[in-house]
Amino acid sequence: MELGLSIVSTAQVLREEITELKKAGGTVALVPTMGALHEGHLSLVKLGLELADSVVCSIFVNPKQFGENEDLDAYPRTLAADIQALSSVNTDIVFTPETDEMYPEGYQTMVSIGDISSGLCGASRPGHFDGMATIVCKLLLMAGADVAIFGEKDYQQLLVIKRMAEDLHIPTKIIGAPILRADDGLALSSRNQYLSAKDRDLAPLVYKILVDTKDALLDGSEIEATLLNGQKTLKANGFEMDYFELRDTVFLQPLTGELNQRPARLLVAAKLGNTRLIDNIEV
Ligand code: AMP
């Protein structure tokens, strides 16, 4: 079957192809991913095509953003299906480098971001955001895209990338895209396929607790007590809590007491079995 998209594995060819697209006067959107694509990823590509003339999607499972005891080796890799899916939504270029293309022998440079990357997922995944920021920085510099699109699903990641792009004067505009969910509310994630059937049935509780907590906060309930209630319910249903917090939407500082600062963001991370689920909503 004719795919109609270009599959590129080196930085040099990526640059050449993007330069050609731009020479013809076109704008370019970049969508970085780790593959195992689902409708959430494809929604970013579709948004990219609304915002720019062409879309480049990168697929790279970045070893530097996985901790020692994390799922790097087990992370799902479904490249052939990913390419078909990207073709079906009219992606122009798929960038699928090998690890030694991104980190050749002698590689030494890391990007490290301050406070905004230290709490929440940064606290439970040491080194994760430095690894993520390093690869995203490299992709942004390689692609020179007009816009780059990231899901609000990884809300802290989105803010860390915005901070980095601003701090490093990277001219690509960073855009956040809404979270795509299954019908039962579970945020789509490549890691959902790790869930047992029983845990998959339980998993939508994360979103339900977010919505219930938001409603309680908007009704005037005190922040700490409301968050504690939500945590208790998740624990009682077999979740292992990592965090459940209300934060501001610029610096991600914790909000306490009464809800008097909006918009705010309610963020949660919890494990079901070995699967770590994260989710968030605006309050
Ligand atoms: P990943 O492949 O998990 O690194 O994700 C690649 C990009 O897709 C990131 O910007 C994610 O935030 C985004 N993404 C993942 N899941 C979703 C979802 N359910 N809805 C919207 N964007 C998502």
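Brief remarks on what is shown
- Whole-angstrom gap from segment 1-72 to segment 86-163, using each part's C-alpha centre: 12 Å
- Taking each of Lys198/Lys235; Lys64/Lys138; Lys64/Lys173; Lys138/Lys162 in turn, the alpha-carbon distance tops 18 angstrom for Lys64/Lys173.
- For segment 143-283, the gyration tensor built on C-alpha atoms gives an oblate shape. Its axis ratio a/c (a ≥ b ≥ c) is at least 1.5, and a/b is not larger than b/c.
- The GluC sites (Glu not before Pro) of segment 213-283 that meet both conditions, a loop assignment by DSSP and at most 13 other Cβ atoms within 10 Å of the site Cβ, are Glu258.
- Segment 223-238 - phi-based ³J(HN,Hα) in whole Hz, Karplus 6.51/-1.76/1.60, Gly and Pro as x: 4, 4, 5, 5, 5, 4, 4, x, 4, 4, 5, 5, 4, 4, 9, x
- Within a Gaussian network of the chain (alpha carbon springs, distance under 10 Å), most fluctuating of Gly230, Gly26, Gly106: Gly106
- Computed from phi, the 3J(HN,Hα) profile of segment 10-22 under the Karplus parametrisation 6.51, -1.76, 1.60 (θ = phi - 60°) reads 10, 4, 5, 5, 4, 4, 4, 5, 5, 4, 4, 4, 6 Hz, with x in place of Gly and Pro.
- Within the shell of other residues whose beta carbon sits under 15 angstrom from the beta carbon of Gly131, the net charge comes to -2, with Lys and Arg scored +1 and Asp and Glu -1.
No lab work stands behind these numbers, since they all come straight from the coordinates. No experiment lies behind these values; they were computed from the predicted model shown. Cβ atoms come from the backbone with ideal geometry, glycine included; neighbour counts cover every protein chain shown.
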